[in-house]
Amino acid sequence: MTCMNLNYTKVKESYLFADIRRRIDAWLLEHPGKTILRLGIGDVTQPLTPAVIRAMHQAVEDQAHPESFHGYMPECGDPQLRSAIARWYQKRSIPVAADEVFVSSGASDELGDILHLFDRSLPAMIPEPAYPAYADASIMDGREIIFPDTVQENGFQPVPPEKEITALIYLCSPDNPTGAVCTRECLKQWVEYACRTDSVILFDAAYESFVCEDGIPRSIYEIKDAKRCAVEISSLSKTAGFTGTRCGYTVIPMDLIRDSMSLNAMWVRNRTTRTNGVSYILQKGALAVFSEEGQKEIQELHEVYRRNAQAFMKALDDAGLSYTGGKNSPYIWMKCPQGMDSWGTFDVLLKQAQIAATPGAGFGRSGEGWIRFSMFASDEDIREAGRRIVTLKNENYF
Ligand code: PLP
C-alpha cells in the first residue's frame, strides 16, 4: 500500500524557467556589468490603476473600524462583485447571471481545482503548444491526456480531432504561448464537438482583454450552446495587473449538466467546503476594475502593452522574420530562424543580443522550433530588443 499520490512522480520537474535563469546567470557571470532585456517571463510590469488602489485603501480603512469591518466573505464571492461581473458580460449581450459567477484567487487555482468535479477516468484533451499547467494539473490528478495537433499552417487554431471522445477540453484564447486567437468558427466547432460528445470545455480567458480586433470572441459564451458545455476561467492578473494581488472569476452556467448533476451546484458545494472566500480588500479592488473609471484605466494600461507589441512586430517585419500573435495578445511567437531549435535560438538571442525569451519547447512537443517574446516590458526595452533583432538578421545570425 502507498500513502502518497504517485501521480506526482509522473509530473516532469518544472525545468523551463529554472533553466532559463541558470543560462542567463551563467552568461552574466562571464560578462559582468552587462544587462539583459527580459522578454521571457509572462508577468505584468504596469502597476495597479488608481481606481483599484483607491478602492483597496478604502477597504483597508473599512477593516479598521467595527462598524465597517468585514469578517469571512461569502465563499462564492461578494454578491456586489458577482453582479458587477455578470453585468459586464450582459453589456456585451452575453447572458451570464450573478449566481453563475464565482470569484476566485486567480485562474491557476481554478484550472487545477475544478478537476475535482470530474471522474478521474475522463481524459484531458490539450491542444499543444499549451500553458504547461493544464497538463501538469491533469497528470497530478491521474488523468490520461490526449494532445490533438495544432498546426502552424492555420495560425495555431486548435482543431477538434476526428475521433469522438468524451473529455475535458482545455482551450485558451488569446493563447499563451502562441498569441493566436480562436475565431468564431473555430470555437463553434469545439462547442459542437463538446455537445456531441458530452465533453466539457475549460475555456481559459485569462487574456480576453487583449482582444482588440472586431469579430474575435472574447468569451466562449458568444457561441451558441456554449452554456451547455463550457466553463470559462478568467483572471484579473493580466487584465488589470493583479498577478501579485490575486483575484479572478469563473463562470459555471446553470445549463451545464452532466450525469443529471449541475456543475454549478457542485461548485457551490465545493467552494463552501474548500475555501473561505477571497479577501474583502481584494474584492473591493476587483470591483473597481469593473467600474466605468476602472475600465477606462485598464484600457490605458493595455495601450502600453499594445504599443510594445506593435513596435516589436514592426522590427520582426523589418527583419523578415515569421511570427504569430501580438495583435490580440501580449505574446509574440516567432518561428526560429535558419532551422535552429528553440534553445539554439534562445542562446543566440542571449549571447549575441542580450535578450531573454522563452523557448517554445517548454510548451510541449509542437512548441519546438518556436520562441515566445512577452510584451510585458518597458517601452525602451522592447524598442531596443527590436533594434538588436534587426542587427542579428543583418549580421546573419538570424
Ligand atoms: N492561464 C494562462 C494561459 C496563463 O498564461 C496564466 C498565467 O500566466 C494563467 C492562466 C494564470 O493566471 P493567474 O495569475 O490568474 O493564476
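Every number in this text was worked out from the coordinates using simple rules, so none of it is lab data. For clarity, every value in this text was computed on a predicted model and none was experimentally measured. Counting neighbours? That spans all protein chains shown, and the Cβs are built from the backbone with ideal geometry, glycine included.
Paramagnetic label reach from T243 (point 7 Å along Cα→Cβ; backbone nitrogen cut-off under 19 Å): within the stretch 13-38, residues 14-25, 36-38. The local environment of K238, defined by Cβ-Cβ distances under 10 Å, has a net charge of -2 under the rule Lys, Arg +1 and Asp, Glu -1.
Between A64 and N394, full extension at 0.36 nm per residue minus the direct alpha carbon distance yields a gain of 112.7 nm. Between R21 and S291, the simple label model (points 7 Å from Cα in the Cβ direction) yields a spacing of 3.7 nm.
Applying a DSSP loop filter and a limit of 11 other Cβ atoms within 10 Å to the chymotrypsin sites (Phe, Trp or Tyr not before Pro) in the stretch 279-308 leaves nothing. A cut-off of 5 Å between modelled amide H atoms, ignoring neighbours fewer than 5 places along the same chain, links S104 with G248, Y249, T250. Simple spin-label estimate for I165 and C3 gives 3.6 nm between the two label positions (7 Å along the Cα-to-Cβ direction from each Cα). Once the Cα-Cα distance is subtracted from the 0.36 nm per residue extended length, the N276 to D347 segment shows a gain of 21.0 nm. Where only DSSP H runs of four or more residues are counted, the chain gives -12000 deg cm²/dmol as its mean residue ellipticity at 222 nm, each run worth -39500 (n - 2.57).
Phi-derived couplings, Karplus 6.51 cos²θ - 1.76 cosθ + 1.60 at θ = phi - 60°, listed residue by residue for the stretch 45-61: 10, 7, x, 4, 7, x, 4, 5, 4, 4, 5, 6, 4, 4, 5, 4, 4 Hz, with x used for Gly and Pro.
Amide H to amide H distances under 5 Å link R258 with L263, where only residues 5 or more positions off or on other chains count and H is placed in the peptide plane.
Just to verify a number: FRET efficiency for S322 and D43, C-beta to C-beta distance, R0 = 25 Å, to 0.05? Working from the Cβ atoms, E equals 0.45.
Ranked by the mean number of other Cβ atoms within 10 Å of their residues, highest first, the peptides 114-125, 197-208 come out as 197-208, 114-125.
Available extension along the chain between L29 and A265 is 79.4 nm, counting 0.36 nm per residue and deducting the alpha carbon span. Working from Cα pairs under 8 Å separated by at least six residues, relative contact order for the chain is 22 percent. Residue by residue, the stretch 200-213 carries 3J(HN,Hα) couplings of 10, 8, 9, 9, 8, 10, 4, 10, 4, 6, 8, 5, 10, 7 Hz when phi is fed to the Karplus relation 6.51 cos²θ - 1.76 cosθ + 1.60 (θ = phi - 60°); x denotes Gly or Pro.
Remark: Y249, Y134 ranked as Y134, Y249, counting other beta-carbon atoms within 10 Å and listing the fewest first.
Couplings for the stretch 130-141, taken from phi via the Karplus curve 6.51 cos²θ - 1.76 cosθ + 1.60 with θ = phi - 60°, read 8, 4, x, 5, 4, 5, 4, 5, 5, 5, 4, 7 Hz in order; Gly and Pro are left as x. For S93 and R365, a Förster radius of 56 Å and the Cβ-Cβ distance give a FRET efficiency of 0.90, rounded to the nearest 0.05.
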